[in-house]
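Okay, structure first, notes after.
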Amino acid sequence: MMKVVSTIKDIKRRLEDLCLAPVGLVPTMGALHEGHMSLVRNAIYECPVIVVSIYVNPTQFNDKKDLENYPRPIEADLVLLKSVLRNSDIVFTPPDSEMYPSEDKRVFRFGNLGRVMEAVHRPGHFNGVAQVVSKLFDIVGPDIAYFGIKDFQQVAVIRELIRQEGYKIIIRENPILRESDGLAMSSRNRLLEPDIRRKAPVIFRSISEATGMIKDHDIPEIKSHIRESIEKAGDFHVEYFEIVDDKKLVPVRGKSEMKRNGRYRGCIAVRAGKIRLIDNIEFPLP
């Protein structure tokens, strides 16, 4: 049966005793869903030992209410993990006092990645992500780490963190998993009011339609169409929609700026009632 540990000392000892490689890491904040479980299964396929961390990291929340309201169904999470994890696998559930015995004053600089989209609307968020992910990397010492591309900007930040800090870690990017109606799977979905949840597929439907508009419409028109399509459903407010290159996430103002050999992503954040949702989709070249 999987081992559940809550201290750095115990997880290090466990990994030393097992002496298996490669080590896989699946960092989560809990409230697990099928998107998380796809990461876990992919890690199991590649690695004889994996660590699944469940930790709601306070330093990446710029809204205290959001931190307080974040779902924490730990018992249900452990039941779900028990159904797939092996005897060699570890679930790491540290308290705040273990991860932050003292204030983490490190400040990370990510260039343009730290100046657009989520970084604008959630000041300090990616610095907190870098703090906790670097701590997990140092504690676990993984060979491979698994992340979902629903958090597309976060994955780009973590790649830059690895480059800056010199970690020898392979990143595996997993595709977005969606509910049957198209809504991207997210721990926050369970917080949506029923009527808003019913209408939430408008987000993916709108950005999917937009990918077909690039041939005959320029980007300002596409952005206006998306905002109008989503907000006319009621209860929704588009914080941003940007089409960005997939490396430095530089927003494209017009399709004439899209390079023939480039790859682009349409990224969106929407306030759905009181809950904030993000999604993204690959954007074709004109």
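Restricting attention to the range 38-68, and to residues there that are touching a helix residue (DSSP H, G or I) at 6+ places or on another chain (Cβ under 7 Å) and of a type outside the set (A, V, I, L, M), which single residue is nearest to Asp104 (Cα to Cα)?
Result: Thr59.
Quick one: would you say Ile268 is under 29 Å from Leu32 (Cα atoms) and part of a helix (DSSP H, G or I)?
Against the criterion (under 29 Å from Leu32 (Cα atoms) and part of a helix (DSSP H, G or I)), Ile268 does not qualify.
Quick one: count up the residues across the range 237-268 that are among the hydrophobic types (A, V, I, L, M, F, W, C) and surrounded by 22 or more Cβ atoms within 10 Å (Cβ to Cβ).
6
If the requirement is being more than 17 Å from Tyr146 (Cα to Cα), modelled with pLDDT of 95 or more and crowded, with 18+ Cβ neighbours inside 10 Å, which of these qualifies: Asn57, Asn87?
Asn57
The values are calculated or read from the model by the stated rules, or taken from the named source; none is laboratory data. Predicted model, so just to flag it, every value in this text is computed and none were measured. When we count neighbours, we look across all protein chains shown, and the Cβ atoms used for this are built from the backbone with ideal geometry, even at glycine.
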